[in-house]
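Structure record follows, encoded as structure tokens.
The values are calculated or read from the model by the stated rules, or taken from the named source; none is laboratory data. Fair warning: this is a prediction, and the values are worked out from it, not measured in the lab. Glycine gets a Cβ as well: all are built from the backbone with ideal geometry, and neighbour counts include every protein chain shown.
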Amino acid sequence: MANIFDYLQWRGDLTLKQSGFNVVDNLILSMIAYVPFDGVVPAGIKRGAVTFSGAAELFSKLDLKKLPVRNPDDVRLLTAAAATRRFKNMLLSGYVNNIDIAAEKQFSALTVDTGDGSLFIAFRGTDLTLVGWKEDFNMTFLAQIPSQAEAVAYLDNAAAHSRGKLRIGGHSKGGNLAVYAAAFCRRSLQKRILSVYNNDGPGFAASVISQPGYQNVLDRLHTFIPQSSVVGMLLEHHEQYAVVHSTESGLMQHEAYSWSVLGTDFVRRESVTEESRFVGQTLKEWLYSIEPQRREQFFDALYAIISATDAKNLSELSADWLKTAKALSRTLKNIDAPTKKMLGEILGVLFESAKKNIGTLLPVRMQKKR
């Protein structure tokens, strides 16, 4: 089936005046936020803005081997979009990429002047850094993670440089940040928001969803998840979500380049798979059965174990499996008895939850086979 690269071939010759902004455009701009634009796109909003085509040309001169490219398709997407009439003259600015290991924060964002009188604020999802993954885990026990607070401030700053309407989006954690920024920005700014796009990003704790700001933008939230979604099913969603067909399986469906596109929309499914419901329900039950303080202790311990390998990102962690395995083994031997007991107990709760929920999945499968 077709994907966003095919969409660029089909619709790339049409400007936004000829064919208005749509959900596939949202996904393209959300994925572009993964490109490491350091030194290419200016930090100032609108000041010194560079066109899509200009950014692609500058980026092509860089040594990709020295750049933290998450997925080669991110660079391919930049090149493909920059070659189209639809995207090439859009202006990119406001690029920030803040990694703070001490604060356990990974935040990156980009502002796109789409040329139709509006701005698209794109928040990057989790990158390859280990601290980025740790911040994701922190969502399970913190009312607000550092990147969520920065997302609100970023949106406020971007909006101050424009009087037009706003669209906000992101993929994975970036989708969560988009919703959070829209929900917790000031009321006058919320009135300027056209749409908020959460592309397979996790939801929120009930305490966030109940806030007036979240309810104010609920009618403009657009959440998309693939049929076997795991990440997008985490925590709580009060908004309606659309299920998108993916050509991949399991966790690989989270990679949005596998999402099927038809015309100006995604190919949609009626519901998520039973496996997605099973994983989502299991993880929710597991998290909610553990006190927030215990969750924090658990994820802090796991992060400490992985950090002991001296790896700073997933690439370094996987580059030399033998070295990584030895470092992990040494760390596990040296952790204290109470921590070992805590890790074992909490993992035991996860396995028990999985055992219970698999019992509800199997009867459904047997009924379908009859």
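Leu189: assigned to a helix (DSSP H, G or I) and modelled with pLDDT under 90, yes or no? For Leu189, the condition - assigned to a helix (DSSP H, G or I) and modelled with pLDDT under 90 - is not met. Of the helices (runs of 4 or more DSSP H) lying entirely inside the range 269-334, the ones with 1 or more residues being under 13 Å from Ile346 (Cβ atoms) and at pLDDT 75 or above are found at 274-288, 292-307. Note on the range 1-38: among residues that are over 23 Å from the mean Cα position of the chain (by Cα) and within 21 Å of Ser93 (Cβ to Cβ), the one that is surrounded by the fewest Cβ atoms within 10 Å (Cβ to Cβ) is Thr15.
If we only count helices (runs of 4 or more DSSP H) wholly inside the range 1-65, which ones have 2 or more residues that are over 23 Å from Leu166 (Cα atoms) and without any contact (Cβ under 8 Å) to a residue 40 or more places away in the chain? Helices (runs of 4 or more DSSP H) meeting the threshold: 52-60. The single condition among (1) more than 21 Å from Ile32 (Cα to Cα); (2) in a strand (DSSP E or B) that Ser195 does not meet is (1).
Checking each residue in the range 228-240 for being of a type outside the set (A, V, I, L, M, F, W, C) and buried (at least 19 other Cβ atoms within 10 Å of the Cβ) picks out Ser228, Ser229, Gly232, His237. Scanning the range 289-297 turns up one or more residues that are touching a helix residue (DSSP H, G or I) at 6+ places or on another chain (Cβ under 7 Å), among the β-branched types (Val, Ile, Thr), surrounded by 17 or more Cβ atoms within 10 Å (Cβ to Cβ) and closer than 30 Å to Arg330 by Cα. Taking residues in the range 103-119 that are over 18 Å from Phe21 (Cα atoms), and partners anywhere that are β-branched (Val, Ile, Thr), the pairs with Cβ atoms closer than 6 Å and at least 6 places apart or on different chains are Glu104/Val131; Gln106/Ile99; Gln106/Thr129; Gln106/Val131; Ala109/Val96.
When the residues of the range 136-153 are filtered to those that are in a helix (DSSP H, G or I) and surrounded by fewer than 24 Cβ atoms within 10 Å (Cβ to Cβ), the one that is nearest to the chain's Cα centre (by Cα) is Asp136.
From the set of residues in the range 49-83 that are within 16 Å of Arg11 (Cα to Cα) and surrounded by fewer than 19 Cβ atoms within 10 Å (Cβ to Cβ), which is nearest to the chain's Cα centre (by Cα)?
Per the stated criteria, the residue is Thr79.
What number of residues within the range 51-91 satisfy the criterion of being modelled with pLDDT of 95 or more, of a type in the set (Lys, Arg) and under 19 Å from Asn3 (Cβ atoms)? Final tally of qualifying residues: 2. Ile99 falls short on exactly one of the conditions (1) part of a strand (DSSP E or B); (2) modelled with pLDDT of 95 or more, and that condition is (2).
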